[in-house]
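The values are calculated or read from the model by the stated rules, or taken from the named source; none is laboratory data. The structure displayed is predicted, hence computed values, not measured ones. Methodologically, a virtual Cβ is constructed for each residue, glycine included, from the backbone with ideal geometry; neighbour enumeration extends over all protein chains shown.
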Amino acid sequence: MRYLKALFLLLVIVGGLNWLLVGIAKYDLVAAITGNAFGQTNLLSSIVYVLVGVSAIALVPTLIAWVGADDRAA
């Protein structure tokens, strides 16, 4: 499970960096890597976007446990 959470975190970081690039430079890294223009999608880019979203959802219990552990320590 540890490696799966690390993969989820990596995908969420990739998604966050992609949004940072979109916001600052109007550059969609995922679209560029998958051969699309800004704002366009194909099967591969859609898979990447879905994996990033699923990873974010999968990390919610980790966040809740982390916040809960911090509350118990205080």
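Laid out as a table, the results:
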{"read-out": "Pairs, first under 16 Å from V52 (Cα atoms) and without any contact (Cβ under 8 Å) to a residue 24 or more places away in the chain in segment 18-32, second among the charged types (D, E, K, R) and crowded, with 16+ Cβ neighbours inside 10 Å, C-beta under 6 Å, six or more apart", "value": "V22/D28"}
{"read-out": "Verdict on V48 being closer than 16 Å to L10 by Cα, at pLDDT 95 or above and surrounded by 10 or more Cβ atoms within 10 Å (Cβ to Cβ)", "value": "no"}
{"read-out": "Any chance L7 is in a helix (DSSP H, G or I) and surrounded by 12 or more Cβ atoms within 10 Å (Cβ to Cβ)", "value": "yes"}
{"read-out": "Out of G23, G68, G35, sole residue that is of a type outside the set (V, I, T), over 20 Å from L4 (Cβ atoms) and not in a helix (DSSP H, G or I)", "value": "G35"}
{"read-out": "Any chance A56 is touching a helix residue (DSSP H, G or I) at 6+ places or on another chain (Cβ under 6 Å), modelled with pLDDT of 90 or more and surrounded by 10 or more Cβ atoms within 10 Å (Cβ to Cβ)", "value": "yes"}
